[in-house]
Amino acid sequence: LVTGQGCVSGPPSESGSPGIRRVSTQVVCGLSMFDVTVATFPARSTAGPVVAERRRLSRPPTAEETVESPLTGPGGDRTAWRMIRSSEPTDVAAAGVWVDGEPIGLGMGMRMHMAQTSLTGSRFSPVVVVVRPVADWRNVTPEMRRRLEQNLAEFLLSQPDLATQAARMGGLSN
């Protein structure tokens, strides 16, 4: 993972499960630290495993309530990212999904497209990227949560190449 000015990436670590390859790293930008996890799937994947992995990576398993909203850039332009806020326990993350090398929203259109490419194949593997501020989430106050969320949004908006790299991580599949 190549980060922009003022940020440093730590060494990547790999993990996975059948059909999913995960690469995680920490990125430090000034006083902020983020966990970045990239999951890639076989090119003929259906939406089910992709959506399940996005859910697993982007929120605590015991979260009582989760709210999502698009991250907008300057001028209100939508980005590839969705901010995900959870309560009980408190958590903030951003997630993006790329299919056929392009960012895609979750929904019926994505499911239908992936059902088709599961049969016909694709040159690209689906990719899920989740970015989360590093924090002791058990002790995060509401003010700290707002600050962490703001730092996360600023990080993503200041790293436009992160979305491009995510698309490339799907690469040309075999």
Spatial separation of Cα centroids for segment 1-60 and segment 79-129, in angstrom: 13
Candidates Arg22, Arg85, Arg146, ranked by Gaussian network fluctuation over the chain, Cα under 10 Å, top entry: Arg146
Of Ala95, Ala135, Ala80, the one that fluctuates the most in a GNM where the chain has Cα springs shorter than 10 Å: Ala135
By accessible area with a 1.4 Å probe, ligands and nucleic acids excluded, highest first: order of Asp136, Asp77: Asp77, Asp136
Shape box of the chain [Cα atoms, principal axes, largest first, Å]: 49, 36, 36
Value at 222 nm in deg cm²/dmol, rounded to 500, when DSSP H runs of n ≥ 4 in the chain each add -39,500 (n - 2.57): -9500 deg cm²/dmol
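What Kirkwood hydrodynamic radius do you get for segment 126-174 when you take the inverse of the mean 1/r over all pairs of distinct Cα atoms, in Å? Working shown, then result.
On the way: mean 1/r = 0.0785 Å⁻¹.
For segment 126-174, inverting the mean 1/r across all distinct Cα pairs yields 12.7 Å.
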Using θ = phi - 60° and Karplus 6.51 cos²θ - 1.76 cosθ + 1.60, couplings along segment 163-171 (whole Hz; Gly, Pro as x): 5, 5, 5, 4, 4, 5, 5, x, x
Helix 108-120 axis, angle to the chain major axis (alpha carbon atoms, nearest 10°): 40
Fluctuation leader among Ala39, Ala93, Ala115 - the chain, Gaussian network, Cα springs under 10 angstrom: Ala115
On Cα atoms only, tilt of 47-58 relative to the major axis of the chain in degrees: 10
Segment 7-89: relative contact order as a whole-number percent, Cα under 8 Å and 6+ apart: 19
Sequence-separation-based contact order of segment 33-133, relative, with Cα cut under 8 Å and 6+ spacing, percent: 42
Segment 1-42, accessible surface, carbon-and-sulfur percent (1.4 angstrom probe): 60
C-alpha long axis of helix 142-158 to longest principal axis of the chain, angle in °: 50
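Taking only C-alpha pairs under 8 Å that are 6+ residues apart, what is the relative contact order of the chain in percent? Working shown, then result.
Working: 342 pairs, mean separation 44.0, N = 174.
Answer for the chain is 25 percent.
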Accessible area expressed per residue, the chain, with surrounding protein chains retained (probe 1.4 Å, Å²): 54
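The values are calculated or read from the model by the stated rules, or taken from the named source; none is laboratory data. Just so it is clear, the model here is predicted, and its values are computed rather than measured. What goes into the accessible areas is simple: the full protein's heavy atoms, side chains included, and nothing from ligands, DNA or RNA. Shrake-Rupley method; radii C 1.70, N 1.55, O 1.52, S 1.80 Å.
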